[in-house]
Amino acid sequence: MTRVLYATELCPCPPDGGSRIRARSLIRSLALRYELHVLAGEGRPDERLAGLVRSWETWPALPRGTFGDKVRFLRGLLRPRPEWSAFLEERLRAVRPDAVWFDYGFWGQYEPIARAAGARTIMGTHNAQSELTRQECRALPFGRSRLSRRLRLAVERRHERRLFSRFDRIVSVSEEDRRSHARFAGDADSLLVPNYVWEDDYAPEGVSRADGLVIMTGDFTSFQNVRGAAWFLREVWGLVRRQAPGAFFELAGRGSMHLPDLAACPPCVLPVGAVPRMAANLQRAVVAVVPLLDGGGTRLKILEAIACGTPVVSTSLGAQGLSIPPEEGILIADAPADFAAAIVRLLRDPALCASLSAQALGILRRDHSDLANEARIRAAVEGPTAAGAA
């Protein structure tokens, strides 16, 4: 059986954010098809993943307390860290993988180590990362934070230009991102594996829909979600409440308890923080909102809502990259009044909610499931002939 080493900076358990959901989905898919060994960030796998993978190891911890530690960390985005290089070499000797799938992080500097061990090398991306950082720089006021992000942007662009071409394959989550990465790696070596979820991870939790509940989920330590939530609360939510006075709004996910200006929000706004599984929260909601003004890739929060049977209202950018036509699976609105009207429309029309949810679920199963991505994953691991044989 083909042996694969999957290396990521993340710990995908719990899957509380799009990047962790993506990592968890890939680990499960790879483990069902190959002998899979995992190198991940601090933390342990959940019971389901632990039962599928052959081994699971954690990267050595890096000190980040002092200024020198921070400089060494930044330098490590372009040069191999000695402790990680030694650890990777040890695991390569132990596993002897046919392929190494690096995912979510700066890995170009480690690719030669995997290649020297005779492994095929894959770089899995979750976004066109330099473009996200560019957006964040543009949104930040001038000051230390903006200068720090501009420095990181320079490092990210250098990593893409100089190191992406080393890999046998670059894997992107959207066609737009794939074209961006093809500038560095070449079109033939840039593959698309769209974001997807495992539907059985969102099995019914036995909860009922709460009348008037609108939800936004995600990792609220990311600037895209912070800015999106602020826009929604400032520009949209008051319009919703005028038309649906009984509506209330839940913010579910890491960092939601610490959003700016929450103290000024009315009691009908409920930040609940991190939750171990998002399914129960989504299944209680009548409407899920994706009010994003920045970002790239594709939004796993939309796929999670669809898997839970919860209709979605999104901005155009929020729904970017998904093969779900407006009015056939989700509602799209960009102006505050239109966004609010779409939410109220769903709060008042259970039949429309059911219709949109059913259509969206069919599209998810067709385009954003493990089976829909099986040939693409095989092509990344085994080469282009694997896709043709599927």
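The values are calculated or read from the model by the stated rules, or taken from the named source; none is laboratory data. Keep in mind the model is a prediction, meaning the values are calculated, not measured. With ideal geometry, Cβ positions are generated from the backbone for all residues, glycine too; neighbour counts draw on all protein chains shown. In case anyone asks, the SASA skips ligands and DNA or RNA and just uses the protein heavy atoms, side chains included. Shrake-Rupley method; radii C 1.70, N 1.55, O 1.52, S 1.80 Å.
Observations on the structure shown:
- Sorting the segments 212-218, 7-13 by their residues' average number of neighbouring beta-carbon atoms within 10 angstrom, most packed first, yields 212-218, 7-13.
- Computed over the chain, the quotient of the alpha carbon radius of gyration and 2.2 N^0.38 Å is 1.00.
- The residues of the chain present an accessible area of 43 Å² per residue when probed at 1.4 Å with all protein chains retained.
- Under 5 Å, built H, 5+ apart or other chain: amide partners of residue 192: 172
- Listed residues 96, 157, 72, most fluctuating in the chain (Gaussian network, C-alpha, under 10 Å): 72
- Normalised by the number of residues in the stretch 241-374, the average gap of Cα pairs under 8 Å and 6 or more apart makes the relative contact order 19 percent.
- Taking every alpha-carbon pair under 8 Å whose residues sit at least 6 apart, the chain reaches a relative contact order of 15 percent.
- Karplus-derived 3J(HN,Hα), 6.51/-1.76/1.60, for each residue of the stretch 232-238, Hz, glycine and proline x: 5, 5, 7, 9, 10, 4, x
- Using the Cβ-Cβ distance between residue 293 and residue 74 with R0 set to 45 Å, the FRET efficiency works out to roughly 0.95.
- Near the amide H of residue 10, within less than 5 Å, lie the amide hydrogens of 41, all on another chain or at least 5 residues away, with H placed in the peptide plane.
- 3J(HN,Hα) along the stretch 114-127, derived from phi through the Karplus expression 6.51 cos²θ - 1.76 cosθ + 1.60 where θ = phi - 60°, amounts to 5, 5, 4, 7, x, 9, 6, 10, 10, 10, x, 9, 10, 6 Hz, with x in place of Gly and Pro.
- Relative intensity, log₁₀ I(q)/I(0), of the stretch 226-289 from a Debye sum that treats every alpha carbon as a point, q = 0.12, 0.25 Å⁻¹: -0.29, -1.27
- Element breakdown for the chain at a 1.4 angstrom probe: carbon and sulfur atoms account for 52% of the accessible area.
- In this structure the amide hydrogen of residue 250, modeled in the peptide plane, comes within under 5 Å of the amide hydrogens of 214, 215, 216, 270, none closer than 5 places in sequence on its chain.
- Residue-by-residue Karplus 3J(HN,Hα) for the stretch 204-217, coefficients 6.51, -1.76, 1.60, Hz, glycine and proline x: x, 9, x, 9, 9, 5, 8, 3, x, 7, 10, 10, 10, 10
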